[in-house]
């Protein structure tokens with residue numbers, strides 16, 4: 001207990017030495033909600049609706065493939081002619097690929113639009129902040145919010161959030177088809193998937209916190225580089241180049257360490273979909289083979305069930321990727337919203353201008369009030385209040401060469 005008191009008391013003293021230090025918080029900075037992210041996503045509603053339609057059409061094309069494969073297997077077992085079935089299957093594959101490629105392009109375009117919109121909003125806010133905010137915030141950190149933080153918002157669209165809508169259609173359609181084929185195999189599959197979903201939900205919070213800390217470290221790095229370059233002449237004159245390099249390298253290592261933590265958190269979440277697919281596949285093959293041998297289902301039913309299994313797990317992987325991307329974006333959005341929510345110098349100007357336009361006094365009801373009024377203003381030197389001005393004398397005369405040399 002006695003050792004904790006000096007540390008607690010030392011912290012405020014350390015902070016008081018530098019009034020311009022970056023503000024820290026006990027909870028790793030502001031936290032953004034998904035509702036604050038929606039306005040950026042919904043700025044392009046028409047294009048997003050079109051992408052969702054493409055995603056649903058792609059899901060329908062994907063769901064039709066296992067049904068055709070099941071029919072093909074049945075025709076082959078009966079010794080019939082495939083004919084149109086093969087061409088229909090090829091057509092579905094081609095249509096699904098074309099829809100997927102076009103959808104990917106539109107998502108990338110929408111992602112760039114989100115980045116542009118967030119940068120416009122942030123720049124307009126930063127340049128209107130009160131001067132006191134620039135005294136207490138590091139310039140490089142503000143630059144980092146405009147640069148790297150806004151870039152992370154792109155991942156919300158490009159890494160599965162919108163695709164997850166069409167994936168939900170695929171997921172539900174696959175579950176319905178699997179239930180029709182064999183409810184027993186579906187129950188075993190859902191059990192494995194439920195375990196993976198619980199694991200992802202439990203780990204997603206770590207990604208958001210780690211991403212926010214990583215972006216904060218990137219801001220520190222940008223601020224250190226900006227400070228060193230802005231004062232490069234002073235740094236060179238003071239022979240402090242090596243010291244500044246070490247400081248910047250420490251910030252770079254801190255950003256690297258936070259990036260590694262984000263990678264570790266993501267590395268735990270991303271493979272879960274693959275593990276769920278492999279475990280489900282092994283269960284379906286093992287139990288499904290037994291049920292085929294028992295005559296409960298046919299070979300064509302088992303093949304179709306396996307294909308639907310892949311179609312069900314693929315949207316699950318997209319959903320896991322969307323969870324990771326959204327949490328990373330929320331970490332960056334928290335830093336963006338921290339600046340956007342700050343008051344600007346022009347707040348209240350409209351009301352003041354309205355009063356002046358209507359002829360109402362701005363700060364005083366008296367019509368004869370001066371524009372500037374000083375009340376009880378005093379001035380004094382804080383030190384040497386009793387110093388006598390006559391006690392010090394100064395003489396002025398021509399400087400000699402020796403004096404100039406000494407100077």
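Values quoted throughout were computed directly from the atomic coordinates according to the rules given, and no laboratory measurement underlies them. The shown structure was predicted, so the numbers you read here are calculated from the model rather than taken from an experiment. Positions of Cβ are backbone-derived with ideal geometry, glycine not excepted, and every protein chain shown enters the neighbour counts.
Using a simple spin-label model with pseudo-atoms 7 Å out from Cα toward Cβ, residue 373 and residue 125 lie 3.8 nm apart. Among 291, 335, 378, a tally of other beta-carbon atoms within 10 Å of each Cβ gives an order, fewest to most, of 378, 291, 335.
With contacts taken as Cα pairs under 8 Å at a separation of at least 6 residues, the stretch 26-343 carries a relative contact order of 34 percent.
Packing order of peptides 39-51, 142-154, highest average first: 142-154, 39-51 (average count of other Cβ atoms within 10 Å over each peptide's residues).
The packing ranking of peptides 59-69, 125-135, highest mean first, is 59-69, 125-135, where packing means the average number of other beta carbon atoms within 10 angstrom of each residue. With kT/(6 pi eta Rh) evaluated at 4 °C and eta = 1.567 mPa s, and Rh the Kirkwood radius from Cα pairs, the stretch 26-343 diffuses with a coefficient of 57 µm²/s according to Stokes-Einstein.
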